[in-house]
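Enquirer: Before I ask anything, here is the structure I am working with.
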Amino acid sequence: MLLQASALQYPEFRRYYVGQAVSVVGTWMQSVAAAWLVLQLSHNSALALALFGTFSYGPVLVFGLYAGTVVDRFAHRDVLLLTQVISLTGALVYAVLTASHTITLPIVMALAAVLGVNQALYFPARQATVLEMVGRGELASAVALNSIAFNLARVIGPALGGIVIATLGVAACFSLNAISYLGVMIALLTIRRRPLTAGPPQTAIQLIGEALRYVSRTPTLAGLFLLLLIAGTFGANFNLVLPLFTRVVLHANADTLGYLFAAQGLGALIGAVTMTIAGEFLLEARRIVLGALLFAAMELAFLIVPGFTQALILLLVIGWSFAVYSIGTNILVQLRAPDRMQGRMVSLYSMLFIGVTPIGNVFAAIVAHVLGPSAAVWLGGAITAAGALAVLAYFFTRPD
């Protein structure tokens, strides 16, 4: 049986899906604009870009598991709606300060930290709300569909962001992102609250401990989370490396950066569609790890410093393989987690997939400074490949 778009049969999910699809385009535009703004303010400093990544994603690592306990304790829809209000406000502040030329690097870092804490809540709240809308039977379909929308936005958003920066300026990207949140907020207001599936009363520490024990008793989840930690830290460093690669190696401008991000996004979109069509075949732990191995192999190809065309092709395959790997991991995590642990399981996924980005950015920045941006890619691929092979061997010796 193949995964289909059956989650769209639910009106609440359809409304949310359309609003979210528009919003994510704006988010990717803001990502490109913020990275470009940091480079402008810091005079192309890799350290400043790494620091920006630390403030943006560090809160997911620090507060991620606690955020999961918050999501598991309160109405999921309300938590998700709150995160959207905060995101809209942050985009407006970015836009006003940039347009008035009063933005500074410390202000950018402060805004990144606030929005980073917000992201720690957003990821588990979104997944838990989607589960409530479609039910466990359609969860895999909903995750695959959300991934298609997300990765389609990765194609459109960065390319559009590069064009907007070149024609209208950085502030326009932030303004358009603020407007894009309105649709998803309206959709969320039409979604009814669901009663929580509560377990016995526990403190936040007890809830976190319960989730970690559940993972440790499940070899498939333990192996996938370990590989996610390795790949997220060393392999997925494109937000830092691609702007540096564009300016330092290719000596190009924002529109070229947009095309590179778009190539990776197009590959990821094809990967998401692949999961929608052949998801059940690919939803097996060892096959998911093979996707990570292909991803790592394509990064190793950066040993030979590619030109623009070669980089586009490599990023296309990297995007596809990483999407198959990460989407498959995401679906398996949620399918294996009890309903009352959804927030904590997704928070752990987010911590290891996104929260470790600051550590990875520091690693990539040091390697890029010493050996060049291409080395930051291929060395990350080598470490990811070693981790994938170790986890694959673990699966053969410790089946569920």
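The values are calculated or read from the model by the stated rules, or taken from the named source; none is laboratory data. Predicted, not measured: the structure shown is a model, and the values here were computed from it. Quick reminder, even Gly has a Cβ in these numbers, built from the backbone with ideal geometry, and neighbours come from all protein chains shown. Calculation scope for accessible area: heavy atoms of the full protein, side chains included, ligands and nucleic acids excluded. Shrake-Rupley method; radii C 1.70, N 1.55, O 1.52, S 1.80 Å.
Enquirer: Karplus couplings for region 326-333 from phi (6.51 cos²θ - 1.76 cosθ + 1.60, θ = phi - 60°), rounded to Hz, Gly and Pro as x?
Expert: Karplus values, whole Hz, x for Gly and Pro: 6, 5, x, 4, 4, 5, 4, 4.
Enquirer: In addition: Using a 1.4 Å probe on the protein heavy atoms, what percent of the accessible area of the chain belongs to carbon and sulfur?
Expert: Heavy-atom surface of the chain belonging to carbon and sulfur, 1.4 Å probe: 72 percent.
Enquirer: While we're on this one: Given labels modelled 7 Å from the Cα in the Cβ direction, how far is it in nm from ASP339 to ASN44?
Expert: Placing both labels 7 Å beyond Cα along the Cβ direction yields 5.6 nm.
Enquirer: May I ask you to order 11-22, 253-264 by the average number of other C-beta atoms within 10 Å around their residues, highest value first? Before the final figure, lay out each step's value.
Expert: Details: 11-22: 19.4, 253-264: 22.6.
Ranked from most to least packed, the peptides come out as 253-264, 11-22.
Enquirer: For region 1-80 and region 325-390, compute the distance between their C-alpha centroids and round to whole Å.
Expert: Cα centres, region 1-80 to region 325-390: 15 Å.
Enquirer: I would also like to ask the following. Calculate one ³J(HN,Hα) per residue across region 8-25 by plugging θ = phi - 60° into the Karplus curve 6.51 cos²θ - 1.76 cosθ + 1.60, and present them in order as whole Hz with x for glycine and proline.
Expert: For region 8-25, the Karplus-derived couplings read 6, 5, 8, x, 4, 5, 4, 4, 5, 4, 5, x, 5, 4, 5, 4, 5, 4 Hz, x marking Gly and Pro.
Enquirer: So for the pair LEU105, GLN9, with labels modelled 7 Å out along Cα→Cβ, what separation do we get in nm?
Expert: The modelled label-to-label distance comes out at 5.5 nm.
Enquirer: A further question on this structure: Answer with a single label: of (i) 8; (ii) 55; (iii) 11, which was calculated as percent of Cα pairs over 41 Å apart from the structure in view?
Expert: (i)
Enquirer: Sticking with this structure for a sec: Considering Cα pairs under 8 angstrom that are at least six residues apart, work out the relative contact order of the chain and quote it in whole percent. Can you show the working numbers first?
Expert: On the way: 712 pairs, mean separation 119.8, N = 400.
Relative contact order comes out at 30 percent.
Enquirer: What accessible area per residue comes out for the chain, rounded to a whole number of Å², with a 1.4 Å probe? Walk me through the intermediate numbers first.
Expert: Working: 15510 Å² over 400 residues.
I get 39 Å² per residue for the chain.
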